[in-house]
Structures are given as C-alpha cells and as structure tokens.
1. State the antiparallel share, in %, of DSSP beta bridges confined to segment 21-354, rounding to the nearest 5.
2. Can you give me the long-range amide H partners of Gly33? Hydrogens built in the peptide plane at 1.01 Å from N, cutoff under 5 Å, separation of 5 or more residues or another chain.
3. List the longest stretch of the chain that has no exposed loop site; here a site is one of the GluC sites (Glu not before Pro) assigned by DSSP to anything other than H, G, I, E or B, with at most 13 other Cβ within 10 Å.
4. Return Met222, Met210, Met97, Met140 ranked ascending by Cβ neighbour count within 10 Å, so the fewest neighbours appear first.
5. Students often forget the sequence filter, so: which aspartates and glutamates lie under 14 Å Cα-Cα from Lys351 once same-chain residues fewer than 8 apart are removed?
6. If the rule is a partner Cβ under 4.7 Å, which cysteines in the chain fail it?
7. Provide the per-residue ³J(HN,Hα) series for segment 45-52, in order, calculated from phi with Karplus coefficients 6.51, -1.76, 1.60 and θ = phi - 60°, each as a whole number of Hz, with x at glycine and proline positions.
8. Test of understanding: ordering Asp111, Asp30, Asp203 by Cβ neighbours within 10 Å, fewest first, what list do you get?
Amino acid sequence: MLLIWVLALVLGAAETLPAQSGNLEIYWIDVEGGAATLTVAPSGESLLVDTGYEVGDRDAKRIYDAAQDAGLSRIDSVVTSHFHGDHVGGLAALAKMIPIGRYFDHGDTVDERDRERYEGYKVVAAGKRTIVRPGNRIPMGGVQALVVASDGKLLESSVNGGGPNALCTNAERKASAGGENQRTVGLLLTYGKFTLLNLIDLDWERDMAMACPNNLFGRVTMYQTSRHGGFDGAGAPAFLEAIQPQVVVVNNGPRKGLGAVDNRVRSLTPPGVETTPYERVAYLRLSKLPRTEGVWQIHRSLLDPDPSHNTAENMIANLGETENCEGHWIKASVGQSGEFTVTNGRNGFSKTYAAR
C-alpha cells in the first residue's frame, strides 16, 4: 500500500513538469518586430526574455502558444530587457495566462516616457523581482545564463575565449542611442559547446564597447540580432567579425528592423579620417561573415524585399504584412553534443549544424 502511495506521488509530480526532450529548446516567437525568446533547459526549467507588444494580447497569446508547444505549465523566469513597449507590453496579459516564477530586470532608472510601463511592470512582478547586473547568473538548470549587460554597464572582463580584437583599428564609431536601449539586459547562454548571444536593443556604440579593444564574448554559436536587425544603428562590423556567429536569427518585423535606414544615426568619425569599409546591407553583412552557415528571419523584410537582401524563403518564418500574419516561430533544438537543429514553424523546414 505504501509503495502505491509513493508511486502516486511521483506520477502526480511528473504530470506537473514540462515534457523533457533531453535537449535545450529555444523558441524565437513572432511578436511583429518586438522581441520574445523562450528557452527551455533539458531539466524543464524555462526562461523567457521579453514579451512583445500589448496590442490586443496578440503577443501574449503567441508566447503562451509557444509555451504550450514546449509542454510548459509555467514559466520559471522572465527577463524584461528594458521598458519599451515592444519588449514589456505583453507581460501583464501573459501573467494572467500562465504562472510566472521570477522576474529579472535592469533596475529603477527609466525614461519618463516609459514610466507608466515600468510602474505596471512593478505591479506584475511584485514580490518576485530581482535587479541584475553584469556577471550575475539567472538560475536555469543545466544551462548557464550569464548577464553580460545591464543598466548601461558591461562585463568587466572577457568570457568564452574572448580577448584583444585587431579589427578595432579604423573601425567606424557611431553615437549612442541613449535611454532605455542602452540599459538593456543582455545575456550569453551556454550549454556545453553551444552559446547564444542575445543583446536585444544594444546599439552600435555598445557593440564597439563590447568589441574594442577586447572582444568580450569570443566566438558564439548563435547570435540574435540587436535592434531587430536594424543595422544602421547596430551590427558594427568590428563586433560581428569578432564574435563570428555560426548561425544568426533576425527577430524583425515586416517593416521594422532588417532593411530599415535610420538617418538619425550619427557617425563620430572626424572629417578626413578614413574608416574600414563595410557592407551596408544588413543581411549581406551577416551572410558574408567568415563562419556564418545560416541566417534565419522571423519576417521577410518588406522595407527592403529584394530577395538578395533577405535570407532564403524557406528560412523565413513569416512572409507578409502584420495584418494577415499567423505568427510562426523559429525553433532551435540543441543536443548535449552541441549538434543543433533549427526549424521554421511555418513550413517545417529544418537544418542541422554542429556547434564549433
């Protein structure tokens, strides 16, 4: 009788745990040019970075659907990278759809225009909130989630084999975006040989600070593009060519990020000083990197729909305008050996890579 009771307890507890594939699972969720990345460790512990826009609970529903696909009954940790509406807007609705264990953010300094969203965040996160700083680790069984940037500060020393960067000579410098973008919480996830660098909305100025004179991150397996692939204001070549990502995921919208031209971004290069030339088209800048084996996009760019300025169509999750978008995700499944498979939720197309 005692054995039956113990078995019942064990089975009952098992029913509350997410399905475990033995792999690290990562979902890049379409929030129409916002950001939402859900990671599920082999242990079943989950981490969500950002929650997209508020718009009619659309993005919260898409995140919830991805969590269901991953077999989750709760999300253990949510990182709000910063308090712009495309990164925190869906949080209140999501918290009503699925239990959330812990909340992490950059702290209490916000621009006045973002204060209402910040105050709403504090209400949702009350009693479960932690402010993080570079060097902190966010709990995630079997996976190292290292905070590499927060509240305008960066890691003080290189990790993952990073070091002096010869590409800094004659590299172009640009003005800072300032404000909330610069306070972004950035993460480096490590699982065996596999690394994912997710710097959210950090800009060109921060790229250069992370790359020069020392590359803080070494070479990474996967890179989620900063500023949604809007590479007027991010994607500094001296940074990209230092981290040499093997695979890139562009978390863009149909008319946000990739393909955008931002004439407000100001070069700091003094008149008459020559800088190293670089590719101006964002997709081409990524695809020409020496170790890059694949670029995946959440959306085809309708700002620059030239097929040569977008990745192969079977590696794009969503093809049309927001109004008719079904919100397909991109997913990576990473094994202990470092082999990982990336899958397009729209068409099931997948490619397998070996982390180097």
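1. Rounded to the nearest five, the antiparallel share is 65 percent.
2. Correct list: Gly253.
3. 1-155
4. Ordered from fewest to most neighbouring Cβ atoms within 10 Å, Met222, Met210, Met97, Met140 come out as Met97, Met140, Met222, Met210.
5. Answer for Lys351, where 14 Å is the Cα cut-off: Glu293, Glu313, Glu339, listed by chain and number.
6. Cys325
7. Each residue of segment 45-52 in turn: 6, 10, 9, 10, 9, 6, 10, x Hz.
8. If I rank by nearby Cβ atoms, fewest first, I get Asp111, Asp203, Asp30.
No value in this document is a laboratory result; all are computed from the given coordinates. No experiment lies behind these values; they were computed from the predicted model shown. Cβ atoms come from the backbone with ideal geometry, glycine included; neighbour counts cover every protein chain shown.
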